[in-house]
Amino acid sequence: MINYTKRNVSIFTLVLTISIFIFFNLIVSYFTVNPVKSTSKVQPSNEIHQMYKTQRQFVQENKNISWRIQIPKINLDAHIKEGTSLEVMLNSVGHFTQTSKWDGNIGLAAHNRGNTCNFFQEIKNLKQGDEIIYTTTKGKKVYKVQTNKVILETDWSYLENTKDNRITLITCEANRREYRRCIQAVEIASYESK
């Protein structure tokens, strides 16, 4: 006959809790290593398939695309597409359509977390004087970072046209929905294609 003392009940509860914890972790580990395979014959669309490619794969596949941004300090090399929709920024840096593509102020946006391609993940680490290289079919421009600041999400003044040639990078601020990270750099060299 078993005596149900407080000590015995406590030991039994502890053993049961540990057993359940181990069992749960074994199940989770099994399904992580051996994911359930779909029996569906429906093939995912090309857009969904591309969503799961890595940032590095996109860069490798698009090395010959002539519209791109490179930031050596943060090892960024990404292609640019027109627009800033979610679809565009799934796998590229987006261009604000209301801004210039060559002269004046060029505005670009990209994700920095939570997506397959987070091209602007490290721009918060840029310092004054760091280089940004922008390439189009017209040629190549080199910029030096002048400003790295947090702005209100409603502040569009940094995307207004300028008399000098600039590039402006905009991305979200982690856990601060009403703010954006803004990097602005001024052109120091320009090389036109022949």
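Read-outs throughout are calculated quantities, based only on the coordinates presented, and are distinct from any laboratory measurement. Note that the structure is predicted; figures quoted are calculated from it, not measured. Every residue, glycine among them, receives a Cβ derived from its backbone with ideal geometry; neighbour counts consider all protein chains shown.
Things worth noting here:
- Some residue of the range 76-90 being hydroxyl-bearing (Ser, Thr, Tyr), closer than 22 Å to Asp164 by Cβ and in a loop (DSSP other than H, G, I, E, B): no
- Considered as a group, the residues in the range 70-89 that are touching a His at 6+ places or on another chain (Cβ under 8 Å) and not hydroxyl-bearing (Ser, Thr, Tyr) include one that is nearest to Val145 (Cα to Cα), and that residue is Ile80.
- In the range 113-132, the condition of being touching a helix residue (DSSP H, G or I) at 6+ places or on another chain (Cβ under 7 Å) and exposed (fewer than 13 other Cβ atoms within 10 Å of the Cβ) is met by at least one residue.
- Restricted to the range 99-194, the set of strands (runs of 3 or more DSSP E) holding at least 2 residues that are charged (D, E, K, R) and farther than 20 Å from Gly83 by Cα comprises 139-152, 179-192.
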